[in-house]
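Novice: The following block contains the structure, expressed as structure tokens.
Please treat every number below as a calculation from the coordinates, not as lab data. Predicted model, so just to flag it, every value in this text is computed and none were measured. FYI the Cβ positions are ideal-geometry reconstructions off the backbone, even for glycines, and counts take in every protein chain you see.
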Amino acid sequence: MIELFKPDGPRVYSIPAGANFLAELTRTLARESGLKDNPEALADALIYVPNRRSERALGFALHQAAGGQACLLPTIRALGDLETDEPPPSAEAALADLPPALSTAQRIGGLTQLVMRYFEATERPLPAVSCLSAARELARLLDQAALSGEIDWQALDQLVPDAQLAEHWRQSLEFLKIITADWPAYLEDENKMDPYARRYAAAQAVAEHWQHTPPRGPVIIAGSTGATPASRLLMHSVKALPNGCIVLPGLDREMDRSTLEHVSQAPSHPQFALARTLHDLGLAPDEVETWPGLSEATNGRARRRLIHQALAPAQSTADWTRKLAQLADTDTPADFVHEALSGLTLIEAADDNQEALIAALLMRETLETDGLTAALVTPDAGLARHVSAMLTRWQIDVPPSAGLPLGQTDTGSLALLVAAWMLDPSHPVVLMSVLNHPNIKFQKETVKTLDKHFLRGPRTWNDWSGLIERVQTIPDGRRPLDDAAHKAVIALIDTVSNILESTIIDPTAICTGEAWYRNVAALAEAVAEQPQPWTGEPGTALANLFRDLTDLTAPMGPQPPEIWNELLQSEMLAISTPTGAAHPRLAIWGPLEARLQTADRLILAGLNEDIWPAQPAADAFLPRVFRTKIGLSDPDERVGLSAHDFAQLAAAPDVTLLSSQRRDDKPAIASRWLWRLKTLARGALGEEAASALAPAADRDPCLWLKQLEQAPPLADGFSAEPRPKPPVEARPDRLSVTRIEQLVRDPYAIYCESVLGLRPLDSLDLPADVRVRGTAIHKALERFEEESPDGDAEALLALLEEELRRGGEVEIDLIALRDRRRDVCRTYLDWRQETAHALSAPPLTEQRGTLELNIQDRTFTLSGTADRIERRQDGAIAILDFKTGKPPTEKQVRAGLSPQMPLQGLIAREGGYGEIGETEVAALTYLRFGTQFQVQELGAAAPRSKLAEKPIAELISDAEAGLINVLTAFANPDQPYLSAPRPERVQYDSDYTRLARRDEWTGSDTFD
């Protein structure tokens, strides 16, 4: 490898952007070392790469460069691992004297302790959670300081602004002494080092060791931009070794002195980190050599030069036209840009959902060509998961390389559910979420029985003992439950009770984080199918998380369990775990994972401002001007590193750039890099720029998307709209008066319920809705007439609240509406007293009645329950119906859209209400009894309407005729049960709208 380590050169190389970095690196290393003939040729070499993913990728690339033969790999280390327990070979002794580094959790816990101590000393104690948040901000400032090199913290004392802000600044300075004075003392007491400080100290120790004892084999740093002081220090050391070399990624060797000066003052520029590294190494760009044996695409240089120019510092963009002419060499600027844009496509999606689908289509199309590979690169983890999910529609499994947040794995979700369960063990939603979890050991059929028969509907219990009491007795109104199934549910609840007794902590009492997380772990283990939840990488990550949370929360003391639960949720979001085996030809990477890697086709997605590049986070303590004066790095340096990642990837031979016009239902702005690229292209090509950046006609995913969205034509005899026509004998021969109204408005709902036998289950923890309140009001009024007909408003209100409470209405709502309901009860009793003189007997409540009709030689039974029937002195009756909300209008009743009351009058007229017999119906009345009281007599002239008074007998006769017409129509076997044929008549969303697929054939998700 003499050529790589020639003594008369700086031994610093660059592999240009767009080239396959690892393939070029390993091909030359294999050739120079004779690896194919000597499998041990690189065994004593030491190679540093940016991260651990690069470690694995380099090992595989070396295996391929060796022709797929077995070989001894060199020692490959990630630059970020200098502070770990894996020192480079022969340098173990150099690191032996360094104290160990604090773990992340120990570090945050220690800073939290110091923050709490600070505020206690100022006699302004803060809640522990606020101290934890402040500690995280201090840790972030420490990280930035370590990545900036030597920081002059003492200069803070001289940075006092004007007098008006002096006191505020003095308080900030006092607080920052936590990291300038207290933190070093804390580390010394603990005999520990800050992680980043130890990394730099490790680099110093290794550099000093190599100065006296150089390694025997080659030492190579490959793919690092030198963004951290530790990596630049190690580079300087390797450059001085006789057998050391540095391979930079994507250095622009064509930068002149003026451009380099501008770049050095622009932290957001992609070459900023490399320019600073060259400065530290004492090199100019033209002193860095191109990696030997490099091969690249024919237009690689043109693309690279165009990208570099598009991302040039603002000071260098004033003469873009002249720069393009210079870059074109012998070509015209237009020809140069055409060549540079060959293989580069720009697509702007309507929204992030369409962007994900376009990316998935491009990846799917790649598989049509044998051996071709593709990779999606995006910093948007949500978009990455979205694309991964979309690929499964073609049975393609491509897990994002960053993995899933721990909380989204089976193991992590179980821990989160168990933690929420500990806060309220009897909560039906959380309880069923735990018992239905795939890792739970209980019988699924028994869990389903518990769910269906005991937990649905309003929650009528407050604690676990209340739930046990409910399970002991089958609730009224439920479907039949056999004795064996009931006993199985009781046994399940007994088992869960025993587990809770041994692991649960009183959710109303404060406790330490260590006790809370210990019990969460114990409860998760107790309910999980063994060996869950500790198996696999997610299990290991969960165990480590509980250990870290114990360290982190130790200084915070006892806190309410809700605090520990929220902390668990937030910490799980920050932990990712691998989700499956990699696809052989497709990949989804983040920009960090994509470093040094490539594929035949690259898709760069999420190219919107605040996504790629991300907006630098605001410093909680120091404005930018102060950061610069004490030596802290500019926050825009992260933008520069992100820009370097983009430039490296965008220079590849086949690249598609994706952005969205809207993200998360909000307008979005395309990335600044895309604006610059389009502006530069437009300057050279004019109106042709758009077509030059557009996808080729045979590879346009937007066209594929349109074809995918087109529904295939239906076969003859089929309709998109459901039009079921069951045989007459299968059609319902019995309906209540309220179901007749639904038959008129939404026949499909009747088909689902009465023909298919489908019934929607109540929701878990169902809030007290109109139906629940209506049932409670009817029951309370019935009990009032039976138990205390002479009672006052307070007696009626007590019965009403008792029934509402039994129905699941929460106490806070009862209290909030108590005064209004008392007024309603009082007004109702006054009305009742005023009308009592016209009655010949006490009113009848909840009277069931039926009427048989002959429809097309088939007996049809109409049923109904009258809320209240009043028998009058003249022998006629009045039927009253209680409504919690607004009753139907007179117009709706006369039009036959709300025939309930006239049909009840028909049943009464024909003697269908038992002891009443055939009788005249003198009045049909709605009583609104909710949070207000209202009396509405049907048949009366409607105010502000052209409707004249209409006799009750005529209303009943019209309803009878309408009923017979509707029933006769549905007695025809060719009459379909349509889904809301007139949507304007539908008052409420149907339970069967989704089953009818209305969105599919109406093009709308509402009844507009």
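Novice: What share of the DSSP beta bridges in the chain is antiparallel, in percent to the nearest 5? Don't skip to the end; give the middle numbers.
Specialist: Numbers: 29 of 76 bridges.
Rounded to the nearest five, the antiparallel share is 40 percent.
Novice: Report the far tail of the P(r) of the stretch 735-982, meaning the percent of Cα-Cα pairs longer than 24 Å.
Specialist: Values: 15981 of 30628 pairs.
The proportion of pairs with Cα distances above 24 Å equals 52 percent.
Novice: What ranking of Thr656, Thr112 emerges when the number of other C-beta atoms within 10 Å of each C-beta is taken as an exposure proxy, fewest first? Don't skip to the answer; put the middle values down first.
Specialist: On the way: Thr656 22, Thr112 25.
So the ranking, lowest neighbour count to highest, is Thr656, Thr112.
Novice: Ok, one more. I need the Kirkwood Rh of the chain: take the reciprocal of the average 1/r across all distinct C-alpha pairs and report it in angstrom.
Specialist: Working: mean 1/r = 0.0283 Å⁻¹.
This gives a value of 35.3 Å.
Novice: How large is the dipole of the stretch 104-192 about the Cα centre if only Lys and Arg carry +1 and Asp and Glu carry -1, each at its Cβ, rounded to the nearest 20 debye? Provide the component values of the computation, followed by the final result.
Specialist: Numbers: 8 positive and 14 negative charges, 68 e Å.
My answer is approximately 320 debye.
Novice: Can I ask one more? Scan the chain and note any complete DSSP helix (H) whose C-alpha atoms cover at least 24 Å along its axis and whose Kyte-Doolittle average is -1.0 or more. Please list the in-between numbers first.
Specialist: Values: long enough: 104-121 (26 Å, 0.09); 128-148 (30 Å, 0.70); 195-212 (26 Å, -0.89); 483-503 (30 Å, 0.60); 536-553 (26 Å, -0.08); 770-787 (25 Å, -0.70); 811-835 (35 Å, -1.05); 952-970 (27 Å, 1.22).
Membrane-span-like by this rule: 104-121, 128-148, 195-212, 483-503, 536-553, 770-787, 952-970.
Novice: Right, another one. Provide Leu743, Leu844, Leu173 in ascending order of the number of other Cβ atoms located within 10 Å of each residue's Cβ, fewest first.
Specialist: On the way: Leu743 21, Leu844 18, Leu173 15.
With the sparsest Cβ surroundings first, the list reads Leu173, Leu844, Leu743.
Novice: Check cross-link reach from Lys444 to the lysines: straight Cα distance under 18 Å, and skip same-chain residues fewer than eight apart.
Specialist: List returned: Lys452, Lys487.
Novice: Add -39500 (n - 2.57) for each DSSP H run of 4 or more in the chain, then divide by its residues: what number comes out at 222 nm, to the nearest 500 deg cm²/dmol? Show your work: numbers first, answer last.
Specialist: Details: 39 runs with 465 residues, N = 1008.
Roughly -14500 deg cm²/dmol at 222 nm, from the helical runs in the chain.
Novice: In the structure shown, do any of Lys779/Lys883; Lys323/Lys678; Lys448/Lys779; Lys36/Lys239 have a Cα-Cα gap over 19 Å, and if so which? Don't skip to the end; give the middle numbers.
Specialist: On the way: Lys779/Lys883 13 Å; Lys323/Lys678 16 Å; Lys448/Lys779 30 Å; Lys36/Lys239 27 Å.
Exceeds cut-off: Lys448/Lys779; Lys36/Lys239.
Novice: Can you list residues whose amide H is under 5 Å from Ala349's amide H, if they're 5+ apart or on another chain and H is modeled 1.01 Å from N?
Specialist: Ser659, Ser660, Gln661
Novice: Using +1 at the C-beta of Lys and Arg and -1 at the C-beta of Asp and Glu, which of Leu173, Ala146, Ser130 has the Cα lying farthest in the positive direction of the dipole of the stretch 104-192?
Specialist: Projecting each Cα onto the dipole axis, the largest value belongs to Ser130.
Novice: Using alpha carbons only, how many angstrom separate the centre of the stretch 21-41 from the centre of the stretch 269-306?
Specialist: 22 Å
Novice: If each of Ala620 and Gln661 carries a label point 7 Å out from its Cα toward its Cβ, how far apart are those two points in nm?
Specialist: 4.0 nm
Novice: Which GluC sites (Glu not before Pro) in the stretch 89-150 pass both tests, a DSSP loop state and at most 13 other beta-carbon atoms within 10 Å? Don't jump to the answer; show the numbers that get you there.
Specialist: Numbers: sites: Glu92, Glu120, Glu123, Glu137, Glu150; in loops: Glu123, Glu150.
Of the GluC sites (Glu not before Pro), the ones in loops of the stretch 89-150 whose Cβ has at most 13 other Cβ atoms within 10 Å are Glu123, Glu150.
Novice: Out of all DSSP beta bridges in the stretch 735-982, what portion is antiparallel? Express it as a percent rounded to 5. Please report the intermediate quantities before stating the final value.
Specialist: Values: 21 of 30 bridges.
Here the share of antiparallel DSSP bridges comes out near 70 percent.
Novice: Okay, moving on. Using mean Cβ contacts within 10 Å as the protection proxy, how do 341-348, 785-792, 753-760, 413-420 order, highest first? List each step's numbers first, then the result.
Specialist: Working: 341-348: 19.8, 785-792: 11.8, 753-760: 13.2, 413-420: 22.5.
Those peptides, ordered most packed to least, come out 413-420, 341-348, 753-760, 785-792.
Novice: Here is a follow-up. Quick check: net charge around Ala651, other residues with Cβ under 10 Å of its Cβ, Lys/Arg +1 and Asp/Glu -1? Mind showing how you got there, number by number?
Specialist: Working: positive: Arg301, Arg303, Arg304, Arg305; negative: Glu296.
Combined, the nearby Lys, Arg, Asp and Glu give +3.
Novice: Please give me, ordered by residue number, the GluC sites (Glu not before Pro) of the stretch 909-943 that lie in loop per DSSP and have at most 15 other Cβ atoms within 10 Å.
Specialist: Working: sites: Glu910, Glu915, Glu918, Glu920, Glu937; in loops: Glu910, Glu918, Glu920.
For GluC sites (Glu not before Pro) across the stretch 909-943 that sit outside H, G, I, E and B with at most 15 neighbouring Cβ atoms in 10 Å, the list reads Glu918, Glu920.
Novice: Further, regarding this structure: All other residues with a Cβ under 9 Å from the Cβ of Asp958 taken together, and with Lys, Arg as +1 and Asp, Glu as -1, what is their net charge? Spell out each step's value before the answer.
Specialist: Values: positive: Arg894, Lys950; negative: Glu954, Glu960.
Residues close to Asp958 contribute a combined charge of 0.
Novice: Relative contact order for the chain using alpha-carbon pairs under 8 Å, separation at least 6, rounded to a whole percent?
Specialist: Working: 1521 pairs, mean separation 130.5, N = 1008.
Once normalised by length, the contact order is 13 percent.
Novice: Also: For every other residue with a beta carbon closer than 10 angstrom to the beta carbon of Cys71, add +1 if it is Lys or Arg and -1 if Asp or Glu, then tell me the sum. Please report the intermediate quantities before stating the final value.
Specialist: On the way: positive: Lys36; negative: Glu40.
With Lys, Arg at +1 and Asp, Glu at -1, the neighbours total 0.
Novice: Pick out, from Thr656, Pro635, Ser671, the residue whose Cα sits farthest towards the positive end of the charge dipole of the stretch 618-675, with +1 on the Cβ of Lys and Arg and -1 on the Cβ of Asp and Glu.
Specialist: Pro635
Novice: Let me ask something additional. Rounding to the nearest 20 debye, state how big the charge dipole of the chain is about its Cα centre with +1 on each Lys and Arg Cβ and -1 on each Asp and Glu Cβ.
Specialist: Numbers: 100 positive and 143 negative charges, 262 e Å.
Around 1260 debye, computed over the chain.
Novice: Report the calculated FRET efficiency for Asn191 and Thr104 (r = Cβ-Cβ distance, R0 = 22 Å), to the nearest 0.05.
Specialist: Numbers: r = 18 Å, r/R0 = 0.82.
So, using R0 = 22 Å, E works out to roughly 0.75.
Novice: State the answer as a single residue: which of Pro713, Trp421, Pro333 lies farthest towards the positive end of the charge dipole of the chain, with beta carbon charges of +1 for Lys and Arg and -1 for Asp and Glu, about the Cα centre.
Specialist: Of the listed residues, the answer is Pro333.
Novice: Please report, in debye to the nearest 20, how large the charge dipole of the stretch 407-577 is about its Cα centre when each Lys and Arg carries +1 at its beta carbon and each Asp and Glu carries -1 there.
Specialist: Values: 12 positive and 21 negative charges, 119 e Å.
Its charge dipole is roughly 580 debye.
Novice: Another one. Give me the lysines in straight-line cross-link reach of Lys192: C-alpha distance below 23 Å, same-chain residues under 8 apart excluded.
Specialist: Of all the lysines, those that pass the test against Lys192 - Cα under 23 Å, at least 8 places apart if same chain - are Lys177.
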